[in-house]
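Report on the structure given below.
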Amino acid sequence: MRFLLDAEQREFARSLDALLTAADTPAVVRAWSAGNAGPGRALWSRLADAGVFALAVPEKYEGVGPLPVELAVAFRELGRHAVPGPVVETVAAAAFLDRLGNDAAALLPGIATGRTAASFCLLSPAPGIEGSPYALDADAADLVLAVRDDCVRQATSAGPVQPSADPARRLARPVGGDVLARGPEVRAAATYAADFAALATAAQALGLARTLLARTVEYVRQRTQFGVPVGSFQAVKHRLADTLIGVEFAEPLLYAAALGLAADDPAEVPAAKAAAGEAAYAAARTALQLHGALGYTDELDLSLWIRKARALRSAWGTPAACRARVLEGAGA
């Protein structure tokens with residue numbers, strides 16, 4: 001089966017690519033890592049103006065969605081440019097609030113228009129998703145939703161920022177807050193939101209893998225050893241080919257998952273998340289090895305993508321948890 005984007009979707013991707021290229025995202029990432037959210041929030045507003053967050057919000061709340069395929073297209077570009085901030089968590093919060101309904105849905109217009117950056121975390125597990133005590137970028141978010149079992153709270157503050165393998169992913173424990181809702185509908189909405197988060201993370205990982213692969217190919221064409229480009233060595237070619245196969249394998253899985261989620265069938269999501277996460281991790285390892293010692297340096301922009309790959313591999317469903325969910329769905 002082939003999944004081809006239509007002309008409008010391809011143009012949307014090109015417009016986001018142009019926007020993010022002009023935004024100098026490496027500088028934005030470094031500022032975000034240092035605790036300066038100003039450049040990141042300015043970029044956030046531009047993404048909102050482009051309609052990225054509205055894709056997760058229904059029309060009656062000033063959105064245009066939910067549109068999982070377009071979300072996958074958008075988050076692939078966000079991954080290609082290593083955009084920092086709780087972009088995935090904001091989409092998950094929108095999906096959660098939409099499915100939950102009640103008075104909490106009044107928060108959705110702020111998400112759609114970019115006024116509200118949201119962090120969303122599951123303190124207890126959902127199917128295929130391990131629970132976590134941390135909320136991503138809670139210190140920079142306008143809204144922090146913490147779900148535990150059948151209860152969701154709007155956290156009023158966040159604890160100290162915890163160290164992360166990716167400095168641009170700032171982790172903190174949500175603290176306190178009023179109960180927004182309680183009951184079985186909370187758990188159902190959280191499971192739905194976790195699937196949206198897994199899809200968006202898979203798209204991010206796939207975009208990140210494409211950037212890592214492209215930059216590595218460019219580098220091995222330029223670097224020489226024994227008077228020839230190292231990209232001419234068979235071992236290097238094989239390593240790059242293996243990485244490309246992983247990326248190409250993950251892409252149709254991503255769009256199959258997006259189409260399934262559009263039909264309210266998340267069965268394909270865990271396979272997409274596992275494949276995209278592994279592709280990004282493999283691309284990061286290839287980039288690190290073929291760049292040699294340069295790949296370890298903070299000064300090299302490539303390090304921003306390499307560090308993010310490991311985090312995205314595990315975020316919103318580790319490969320092991322996703323595979324277990326795939327096997328369970330297959331009746332194995």
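Values in this text are rule-based calculations from the coordinates and carry no lab data. Worth saying up front: this structure is predicted, and the values here are computed from it rather than measured. Every residue, glycine as well, gets a Cβ built from its backbone with ideal geometry; the counts of neighbours run over all protein chains shown.
Only helical DSSP H runs with n ≥ 4 go in: add -39500 (n - 2.57) per run for the chain, normalise by residue count and round the 222 nm mean residue ellipticity to 500 deg cm²/dmol. Please report the intermediate quantities before stating the final value.
Working: 11 runs with 184 residues, N = 332.
About -18500 deg cm²/dmol.
How many angstrom separate the Cα center of segment 218-257 from the Cα center of segment 96-122?
Distance between centres, Cα-based: 40 Å.
Taking the radius of gyration and the Kirkwood hydrodynamic radius from Cα positions alone, what is the Rg/Rh ratio for segment 69-108, to two decimal places?
Numbers: Rg = 12.2 Å, Rh = 11.2 Å.
Dividing the radius of gyration by the Kirkwood radius yields 1.08.
Within segment 1-99, list the trypsin sites (Lys or Arg not before Pro) lying in a DSSP loop whose Cβ has at most 13 other Cβ atoms in a 10 Å radius.
Values: sites: 2, 10, 14, 30, 41, 46, 60, 76, 80, 99; in loops: 2.
Passing both the DSSP loop test and the Cβ count: 2.
With everything on Cα atoms, drop me the angle between helix 319-329 and the longest principal axis of the chain, reported from 0 to 90° to the nearest 10.
Roughly 60 degrees between the two axes.
Hey, how many Å between the Cα centroid of segment 263-318 and the Cα centroid of segment 152-185?
24 Å
Can you give the Rg to Rh ratio for segment 194-329, taking only C-alpha atoms and Rh from Kirkwood?
Values: Rg = 16.1 Å, Rh = 15.3 Å.
My calculation of the ratio gives 1.05.
Looking only at GluC sites (Glu not before Pro) in DSSP loops with at most 15 other Cβ atoms within 10 Å, what is the longest site-free stretch of the chain?
On the way: sites that count: 62, 130, 299.
Of all site-free stretches, the longest is 131-298.
Where Rh is the Kirkwood radius over the Cα pairs of segment 98-232, the temperature 4 °C and the viscosity 1.567 mPa s, what D in µm²/s does Stokes-Einstein return? Intermediate results must be reported in sequence, preceding the final value.
On the way: Rh = 17.2 Å.
D = 75 µm²/s.
Pairs of Cα atoms under 8 Å, at least six residues apart: use those to get the relative contact order of segment 208-332, whole percent. Can you show the working numbers first?
Numbers: 143 pairs, mean separation 35.7, N = 125.
The value is 29 percent.
Hull surface divided by four, with the convex hull built on the Cα atoms of the chain: how many nm²? Please report the intermediate quantities before stating the final value.
Details: hull surface 67.6 nm².
Computed as one quarter of the Cα hull surface, the answer is 16.9 nm².
Which angle between 0 and 90 degrees, to the nearest 10, do you get for helix 184-222 versus the longest principal axis of the chain when only C-alpha atoms count?
20 degrees
Do any chymotrypsin sites (Phe, Trp or Tyr not before Pro) in segment 224-308 lie in a DSSP loop with no more than 15 other beta carbon atoms within 10 Å, and if so, which? Display every interim value, and only then the final one.
Working: sites: 226, 233, 249, 255, 281, 296, 305; in loops: 226, 233.
Counting only loop positions with at most 15 other Cβ atoms within 10 Å, the chymotrypsin sites (Phe, Trp or Tyr not before Pro) in segment 224-308 are 226, 233.
Please compute the contact order of the chain in relative form: average sequence separation of alpha-carbon pairs under 8 Å and at least six residues apart, divided by the residue count, as a percent.
17 percent
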